[in-house]
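Presented below is the structure to which this report refers.
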């Protein structure tokens, strides 16, 4: 009940909501970094620092990173997976437009002495150059209006570039893991990544794709769920669930999932050639 009351107040008084969030972020940025179980220091997210954030996904990412040269982290947030990659001796390309997240992303990279091993792009990904609205913050910021019931007043503007524009030929001849967590804007990203998709060697992609979770009001099934998988299949990729089961995902299974006749129980998927 209290959360609903606060949400209603913030929706009626956007200036108050902005003041609250700004004050919270300022106080939050004073938190000191903590030593993680993996040996690097980390600030900005307690669960990440204490090693209890996405434990299964973390194992999958670390396992995939063993055989790659570079991590491309799109929606890098405060740098959790970037720090894992850097601690394993991998180079990093991080993409993160949110101001608060960017503060911690830079801080976590610099505090560990990795400043010259990471490239950071403070933009969001899309089909091409643009300026769009982004709703929310933290791990849930999205280019999709109404995502996860984020209030319309919790919005800012972000610059958009395509992934092909950002990467250019950086990945040519390198084994790369492209980690994508961008809250519903996956298809937008892929529309600007046509050259990256056919890079040689082909990258491994680990992408969060929600089916019904966090959809805007009135939307029960992600309208781009099947299209996102089709984009990869058309470029010769195969897909498996990003968990210990590693279930093979085929076009037929995608159709069954969208139709509600089959459930996967996961929202992270690995795409590989």
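Please treat every number below as a calculation from the coordinates, not as lab data. Keep in mind the model is a prediction, meaning the values are calculated, not measured. Here Cβ is always computed from backbone atoms with ideal geometry, including for glycine, and neighbour counts include all displayed protein chains.
Using per-residue counts of other Cβ atoms within 10 Å, averaged over each peptide, order 221-228, 256-263, 94-101 from highest down. Don't skip to the answer; put the middle values down first.
Values: 221-228: 17.5, 256-263: 12.4, 94-101: 22.4.
Top to bottom by mean Cβ count within 10 Å: 94-101, 221-228, 256-263.
So for the chain: antiparallel DSSP bridges make up what percent, rounded to the nearest 5? Write down the numbers at each step before the final one.
Working: 19 of 39 bridges.
Within the chain, antiparallel bridges account for around 50 percent of the total.
How large is the Kirkwood hydrodynamic radius of the stretch 89-244, in angstrom, based on all distinct alpha carbon pairs? List each step's numbers first, then the result.
On the way: mean 1/r = 0.0601 Å⁻¹.
Across the stretch 89-244, the inverse of the average 1/r is 16.6 Å.
For residue 250 and residue 34, what does the FRET efficiency come to when R0 = 41 Å and r is the distance between their Cβ atoms, rounded to the nearest 0.05? Kindly include the intermediate steps, with their values, before the conclusion.
Values: r = 43 Å, r/R0 = 1.04.
The formula returns an efficiency of 0.45 here.
How would 162, 41 line up from fewest to most surrounding beta-carbon atoms within 10 angstrom?
Values: 162 22, 41 16.
Listing 162, 41 from fewest to most nearby Cβ atoms yields 41, 162.
When the gyration tensor of the chain is built from Cα positions, what are the square roots of 5 times its three eigenvalues, in whole Å, from largest to smallest?
One finds semi-axes of 28, 25, 18 Å for the chain.
Fully extended, how many nm does the chain gain between residue 238 and residue 200 (0.36 nm per residue separation, minus their Cα-Cα distance)?
On the way: separation 38, 0.36 × 38 = 13.68 nm, distance 1.61 nm.
Extra length available between residue 238 and residue 200 comes to 12.1 nm.
FRET efficiency for residue 132 and residue 217, Cβ-Cβ distance as r, R0 = 25 Å, nearest 0.05?
Working: r = 20 Å, r/R0 = 0.80.
Given R0 = 25 Å and the Cβ-Cβ separation, E is 0.80.
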